Amino acid sequence: MAKVCSIICGAPCSELDTNLIEGLVIAADRGLDYALTAGIAPDIAVGDFDSAESPVPSGVECIRVSPIKDDTDTVLAANTAIERGCNELRFFCALGGRLDHTFANIQMLYDLIGRGICGKLYGNGECVYLLHDDAAEIPRYDGYLSVFSYGESALVSESGVKYPLDCHRLTNSFPLGVSNEITAQTARITAHEGTLLIMEVRE
């Protein structure tokens with residue numbers, strides 16, 4: 001059974017989709033500012049707080065760490081959620097801004113898969129996640145669906161889309177899966193072998 005944690009991160013975020021925020025709520029550093037602006041009182045605030053401008057409100061558990069550390073504030077928040085028994089992690093304000101932080105968040109998703117944890121990154125109308133030896137069904141939306149190999153190669157099938165694939169081997173050296181579109185009520189993406197990086201870009 002899924003136990004959800006919503007983690008509010010610090011990438012540039014025009015507006016939080018509060019409809020998706022549920023379960024345990026953790027603010028990671030600057031994510032505290034975003035949470036409070038949206039009227040959300042987090043259960044826990046985590047980080048070195050070198051970016052947050054708001055003080056941690058009374059009654060909110062605070063985990064403060066040294067800025068000299070190996071883990072990003074987002075990874076610290078993810079580990080905190082897992083320690084509290086959560087196995088479905090939703091990261092908001094986790095895309096955009098500094099490219100190195102965005103890439104670090106994607107790498108974190110791969111670590112989570114290895115630990116049996118489902119993780120998705122959200123930000124500015126986009127949703128990013130990994131699919132490993134599994135399948136996903138995606139309801140139709142206006143925008144683009146891109147699928148990439150996250151390893152050297154991956155064997156993929158895509159149906160319900162403008163450009164379907166049937167057991168095609170994607171490689172990480174050619175972006176064949178970029179900018180597809182869902183044409184059916186639901187698209188189905190299957191990673192027969194390997195790991196796929198999936199990007200949903202809504203318009």
Okay, strands (runs of 3 or more DSSP E) sitting entirely in segment 117-162 with 3 or more residues that are in contact with a helix residue (DSSP H, G or I) (Cβ under 8 Å, 6 or more places away or on another chain) and open to solvent by less than 30 Å² (accessible area, probe 1.4 Å), I get 126-132
Considering A52, A94, A77, A81, which residue is surrounded by 21 or more Cβ atoms within 10 Å (Cβ to Cβ), of a type outside the set (D, E, K, R), part of a loop (DSSP other than H, G, I, E, B) and under 17 Å from the mean Cα position of the chain (by Cα)?
A94
Could you tell me whether L196 is in contact (Cβ under 8 Å) with a residue 40 or more places away in the chain, closer than 17 Å to I113 by Cβ, buried (at least 19 other Cβ atoms within 10 Å of the Cβ) and not basic (K, R)?
yes
Checking the structure you have, find out if any residue of segment 16-25 is more than 21 Å from R115 (Cα to Cα), surrounded by 18 or more Cβ atoms within 10 Å (Cβ to Cβ) and touching a strand residue (DSSP E or B) at 6+ places or on another chain (Cβ under 9 Å).
yes
Positions within segment 163-190 being within 14 Å of I138 (Cα to Cα) and open to solvent by less than 60 Å² (accessible area, probe 1.4 Å), in sequence order
N180, I182, A184, A187, I189, T190
Condition first: over 14 Å from Q107 (Cβ atoms), among the hydrophobic types (A, V, I, L, M, F, W, C) and without any contact (Cβ under 8 Å) to a residue 40 or more places away in the chain. Now tell me which residues in segment 58-80 satisfy that.
V60, C62, I63, V65, I68
Out of C62, C86, I need the residue that is more than 17 Å from M199 (Cβ to Cβ) and open to solvent by less than 30 Å² (accessible area, probe 1.4 Å). Which one?
C86
Within the set of pairs 6 or more residues apart or between chains, which connect a residue that is under 24 Å from R140 (Cβ atoms) inside segment 103-127 to a residue that is part of a helix (DSSP H, G or I) with Cβ atoms less than 6 Å apart?
G119/L109; G119/L112; L121/N105
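Identify the residue in segment 65-74 that is polar (S, T, N, Q) and within 21 Å of the chain's Cα centre (by Cα) and, among all such residues, is surrounded by the most Cβ atoms within 10 Å (Cβ to Cβ). Before the answer, list the steps.
Step one: of segment 65-74, the residues polar (S, T, N, Q) are 66, 72, 74.
From what is left, the residues that are within 21 Å of the chain's Cα centre (by Cα) are 72, 74.
Details: T72: 21, T74: 28.
In this case the residue turns out to be T74.
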Please find, within segment 1-27, the residue that is nearest to E88 (Cα to Cα) out of those that are outside any loop (DSSP other than H, G, I, E, B) and among the small types (G, A, S).
S6
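The values are calculated or read from the model by the stated rules, or taken from the named source; none is laboratory data. No experiment lies behind these values; they were computed from the predicted model shown. No Cβ is skipped: glycine too gets one built from the backbone with ideal geometry, and neighbour counts run over all protein chains shown. With ligands, DNA and RNA removed, areas are computed over all heavy atoms of the protein, side chains included. Shrake-Rupley method; radii C 1.70, N 1.55, O 1.52, S 1.80 Å.
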